[in-house]
1. All but one of (1) at positive phi; (2) surrounded by 12 or more Cβ atoms within 10 Å (Cβ to Cβ); (3) free of Cβ contacts under 8 Å to residues at least 40 places away in the same chain hold for Gly18, so report the exception by its number.
2. What residue, of Lys9, Lys4, is loosely packed, with under 13 Cβ neighbours inside 10 Å, of a type outside the set (S, T, N, Q), modelled with pLDDT under 95 and within 27 Å of Glu104 (Cα to Cα)?
3. Quick one: Arg84 ticks every box in (1) closer than 24 Å to Ala2 by Cα; (2) free of Cβ contacts under 8 Å to residues at least 12 places away in the same chain bar one, so which box is it?
4. Considering only residues of the range 23-63 that are part of a loop (DSSP other than H, G, I, E, B), surrounded by 11 or more Cβ atoms within 10 Å (Cβ to Cβ) and of a type outside the set (Lys, Arg), which is nearest to the chain's Cα centre (by Cα)?
5. Got a number for residues in the range 63-77 being free of Cβ contacts under 8 Å to residues at least 40 places away in the same chain and among the aliphatic types (A, V, I, L, M)?
6. Kindly list the number of the only condition in (1) modelled with pLDDT of 95 or more; (2) out of contact with any Gly (no Cβ under 9 Å at 6 or more places or on another chain) that fails for Lys95.
7. Scan the range 19-35 residue by residue and report those that are touching a strand residue (DSSP E or B) at 6+ places or on another chain (Cβ under 9 Å), of a type outside the set (Asp, Glu) and within 27 Å of Ile98 (Cβ to Cβ).
8. Which members of the range 36-90 meet the condition of being of a type in the set (Gly, Ala, Ser) and either in contact with a strand residue (DSSP E or B) (Cβ under 8 Å, 6 or more places away or on another chain) or at pLDDT 95 or above (or both)?
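The values are calculated or read from the model by the stated rules, or taken from the named source; none is laboratory data. Treat the numbers as computed from the prediction; the structure is a model and nothing was measured. Every residue, glycine among them, receives a Cβ derived from its backbone with ideal geometry; neighbour counts consider all protein chains shown.
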Amino acid sequence: MAQKFAIKKDDLVMVIAGRERGKTGKVLRVLPERGTAVVERLNMVKRHSKPRGAASPGGIVEKEAPIHISNLMFFCERCNAPTRLGVRTAADKSKSRICRNCHESLGSD
């Protein structure tokens, strides 16, 4: 069964473990069934593709590989640091994610 994660598509994240440690990037896709996320221009791998007609000539293609979600941490641009996320409920029962360091709202859920 797929889990629910605090990190969502288009979030800015920092890699906290592994080969890409310390780098930041935007989340392109979250794969909850595998517990991973694809981050823009991070964890690049080379894949060899066969020619498939005139449209795709084939060759070596570089693309992003998924990174385990436990190795990523939300990056707050206001604090300029990686941070945990919290949830604030407004008077009208709407929820918004907040930075645990600066307590600023990051947008709605």
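1. (3)
2. None of the other options fit; the residue is Lys4.
3. (2)
4. Glu40
5. Residues that pass the stated criteria total 1.
6. The one condition Lys95 does not meet is (1).
7. The answer is Arg21, Gly22, Lys23, Thr24, Gly25, Lys26, Val27, Leu28, Arg29, Val30, Leu31, Gly35.
8. Ala37, Ser49, Ser56, Gly58, Gly59, Ala65, Ser70, Ala81, Gly86, Ala90
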